[in-house]
1. Summarise the long-distance tail of P(r) for the chain by giving the % of C-alpha pairs beyond 30 Å.
2. Kindly express, to the nearest 10 degrees and within the range 0 to 90, the angle between helix 13-32's C-alpha long axis and the longest C-alpha principal axis of the chain.
3. Have a look at L122, L164, A24 and report the one farthest towards the positive end of the charge dipole of the chain, computed about the Cα centre with Cβ charges (Lys/Arg +1, Asp/Glu -1).
4. Taking the Cα centre of each part, how many Å lie between segment 1-39 and segment 72-123?
5. Please give the FRET efficiency for A37 paired with K129, using the beta carbon to beta carbon distance and R0 = 35 Å, rounded to the nearest 0.05.
6. If you add up the charges near D125, with Lys and Arg at +1 and Asp and Glu at -1, over every other residue whose beta carbon is less than 9 angstrom from its beta carbon, what do you get?
7. Could you work out the Rg to Rh ratio of segment 57-126, with Rh taken as the Kirkwood radius (inverse of the mean 1/r over all Cα pairs)?
8. Assigning unit charges at the beta carbon (Lys, Arg +1; Asp, Glu -1) and nothing else, what dipole magnitude in debye, to the nearest 20, does segment 85-149 show about its Cα centre?
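Since every read-out is calculated from the coordinates, none of them should be taken as a lab result. Just so it is clear, the model here is predicted, and its values are computed rather than measured. Neighbour counts run over all protein chains shown; Cβ positions are idealised from the backbone, glycine included.
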Amino acid sequence: MTRRTDTPAAWDERTQLTTFLDYARATAHAKCEGVSAEDAVKAPLPGSPLMTLSGLINHLRWVEHYWVEEVFLGQEPSGPLVHATEEDPDPEMRTAVDTPLPQLLAEYEEQSARYRRIVAGLGLDATAKRPIRDGRHVDLRWVLLHLVEETSRHNGHLDVVRELVDGRTGA
C-alpha cells in the first residue's frame, strides 16, 4: 500500500494532485484495518442498508474504474456499475458482501497502482475520450480532482460506519 502522506515530494501540480489522491486512498485502507469479517458487512445506518465498509471500498474501486477506464480512456463499460438501474443505483455496494474485505482492498490497491502508471504517462491537459453528462470532455486534471473529492467524501462515510460497527475512531 502507498505510504500515507499528504505532503508531496515535489510542488508541481501533478505531484500535488496524485499525492492527495494517494493519501485519500491510503486513508480508506486505514479506516478498514483490523475490522472483522462480520463488521465489514454490517450496515449500521437504518436508512442506508448498503452503507457498509465493504460496500464503500467496492464503490471507491468501481468509481475509479468508471472515471479512468470508461470516461477518460474510453473503454467499454464493464463491472457492476453497468448493471445500475433506478431501482438498484449502487449494485457494487450491494454485491460487496459476497467478497471478503481484504480481497476488495487488495483489488482496489492493484487497480490504484495501475492507474498511477497510466496517469504518470499522460499530461494533465489530456482530454477524456467520453463526455460527461453535460456533453463536455473533461481533462485528466479534472478527473484527478474529482477522484480526490469522491474518495475523501467517502472516507467520512467510512469513519462513521467504522465507529458505529465496532467503536474504532481515527486513522
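1. That tail contains 17 percent of the Cα-Cα pairs.
2. 10
3. Value: L122.
4. 17
5. Details: r = 39 Å, r/R0 = 1.11.
Calculated transfer efficiency: 0.35.
6. On the way: positive: R141; negative: D139.
Around D125, the charge tally is 0.
7. Details: Rg = 13.1 Å, Rh = 13.0 Å.
Expressed as Rg/Rh, it is 1.01.
8. Values: 9 positive and 13 negative charges, 109 e Å.
Here the size comes out at about 520 debye.
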